[in-house]
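Enquirer: Handing you this structure, nothing more for now.
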Amino acid sequence: MKEITATGPTVEEAVQSALAQLNTSKDRAEITIVDEGKKGLFGLFGSKPSVVTVKLKQDPIEESTNFLKKVLTEMNIVAELDVKVEGRNISISISGEKTALIIGKRGQTLNSLQYLTQIVANRYSNQYLNVVIDAEGYREKRRETLEQLAERLAQKALKTKQDVHLEPMPSFERKVMHSIISAYPEVETYSVGKEPNRSLVITTKKNKVVKR
């Protein structure tokens with residue numbers, strides 16, 4: 001975090017001096033008044049300058065993307081990041097070589113990168129931010145796979161009359177499953193466990209009469 005201590009005839013002038021040195025604005029800075037100063041007799045004798053400390057606030061988007069870049073570098077992966085922000089939603093698309101390594105088996109590596117990047121983003125944010133990381137369109141392909149899986153497992157739960165436990169998956173994937181299975185009036189879903197190992201269970205609705 002960049003920090004500047006500046007002085008000036010007044011607090012405001014000291015602040016403006018520090019902001020100029022940091023090349024930033026008040027809304028991106030944390031300002032601490034160290035000494036309000038003293039004007040002195042006739043504005044000359046016994047005067048004392050105002051002293052302030054100004055810290056540059058860390059931007060959650062910048063910090064999270066820098067974190068992701070560092071991790072990819074340590075994985076010996078050269079990639080480009082396309083970052084889009086809509087309100088509290090941050091979408092990061094990764095393109096380049098070794099995308100299979102970035103995605104991992106069933107998207108596990110990609111999900112881990114997303115989980116850790118989201119933690120970093122929220123560490124520096126005053127409001128909750130949702131981060132989604134994609135690589136070469138994997139998320140859309142995964143969604144299609146989840147749709148097929150949800151339909152198959154819903155049918156399995158209906159046929160066996162037993163709960164069907166799924167493997168752990170991130171919240172946005174669970175939402176996809178919830179949404180698809182909600183179309184089946186005889187079954188329902190609920191989540192168990194804690195993040196990042198929270199998983200979904202498909203169960204039949206007990207004693208529920210369904211009109212056909």
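Enquirer: Once the piece of chain linking E63 and E167 is laid out straight, how much longer is it, given 0.36 nm per residue of separation minus the C-alpha distance between them?
Expert: Numbers: separation 104, 0.36 × 104 = 37.44 nm, distance 3.09 nm.
This chain segment gains 34.4 nm when fully extended.
Enquirer: Run down the lysines and flag those whose C-alpha is under 22 Å from the C-alpha of K55, throwing out any fewer than 8 positions away in its chain.
Expert: In chain and number order, the partners are K2, K26.
Enquirer: Taking K48 as the anchor, which lysines have their alpha carbon closer than 23 Å to its alpha carbon, excluding any fewer than eight residues away along the same chain?
Expert: Leaving aside lysines fewer than 8 places away in the same chain, those within reach of K48 are K38, K39.
Enquirer: Now a separate question. Which value, in Å², gives the accessible area per residue of the chain when a 1.4 Å probe is used on the protein heavy atoms?
Expert: Numbers: 13630 Å² over 212 residues.
I get 64 Å² per residue for this part.
Enquirer: Enumerate by residue number the GluC sites (Glu not before Pro) in the range 110-212 meeting two conditions: DSSP loop (anything except H, G, I, E, B), and at most 13 other Cβ atoms within 10 Å of the site's Cβ. Walk me through the numbers before you get to the answer.
Expert: Values: sites: E136, E140, E144, E147, E151, E173, E186, E188; in loops: E136, E186.
Sites meeting the loop and neighbour criteria: E186.
Enquirer: The range 104-199: which chymotrypsin sites (Phe, Trp or Tyr not before Pro) are DSSP loop and have at most 13 other beta-carbon atoms within 10 angstrom?
Expert: Working: sites: Y115, Y124, Y128, Y138, F172, Y190; in loops: Y124, Y128.
In loop regions of the range 104-199 (DSSP not H, G, I, E or B), the sparsely surrounded chymotrypsin sites (Phe, Trp or Tyr not before Pro) are Y128.
Enquirer: Using Cα pairs closer than 8 Å and at least 6 residues apart in sequence, work out the relative contact order for the chain, in percent.
Expert: 13 percent
Enquirer: For a quick check of understanding: with a 1.4 angstrom probe and all protein chains in place, what accessible area in square angstrom does T160 have, to the nearest ten?
Expert: Counting only protein heavy atoms, the figure is 60 Å².
Enquirer: What residues qualify as long-range amide H neighbours of V187, i.e. H under 5 Å apart, gap of 5 or more or another chain, H built at 1.01 Å from N?
Expert: K205
Enquirer: Another question about this same structure. Rank these residues by their accessible area, most exposed first, probe 1.4 Å: T73, T203. Write out the running numbers ahead of the final one.
Expert: Working: T73 95, T203 10 Å².
Final ranking, largest accessible area leading: T73, T203.
Enquirer: Need the C-alpha centroid separation for the range 151-212 versus the range 59-111, integer Å.
Expert: Using only Cα atoms to place each centre, the spacing works out to 30 Å.
Enquirer: Give me the one-decimal nm value for the distance between modelled label points at K175 and R143, 7 Å along each residue's Cα-to-Cβ direction.
Expert: 1.1 nm
Enquirer: Of the labelled options (i) 50, 40, 28; (ii) 50, 49, 28; (iii) 92, 44, 24, which one gives Cα extents along the principal axes in Å as computed for this structure?
Expert: (iii)
Enquirer: Between T5 and T203, what is the label-point separation in nm under the 7 Å Cα-to-beta-carbon projection?
Expert: Distance between the two pseudo-spin positions: 6.2 nm.
Enquirer: Based on Cβ point charges of +1 for Lys and Arg and -1 for Asp and Glu, what charge dipole magnitude is obtained for the range 134-212 about its Cα centre, in debye rounded to the nearest 20? Working shown, then result.
Expert: On the way: 17 positive and 12 negative charges, 109 e Å.
For this selection, approximately 520 debye.
Enquirer: Of the accessible area of the chain, with the probe set at 1.4 angstrom, what percent is carbon plus sulfur?
Expert: On the way: 6670 of 13630 Å².
Using a 1.4 Å probe with all protein chains present, the chain comes out at 49 percent carbon and sulfur.
Enquirer: Could you list the trypsin sites (Lys or Arg not before Pro) in the range 60-103 that lie in coil according to DSSP, counting only those with at most 16 other Cβ atoms within 10 Å of their Cβ?
Expert: Taking the range 60-103 and a limit of 16 other Cβ atoms within 10 Å, the loop trypsin sites (Lys or Arg not before Pro) found are R88, K98.
The values are calculated or read from the model by the stated rules, or taken from the named source; none is laboratory data. These figures come from a predicted structure and were not determined experimentally. No Cβ is skipped: glycine too gets one built from the backbone with ideal geometry, and neighbour counts run over all protein chains shown. Side chains included, ligands, DNA and RNA excluded: accessible areas come from the protein's heavy atoms. Shrake-Rupley method; radii C 1.70, N 1.55, O 1.52, S 1.80 Å.
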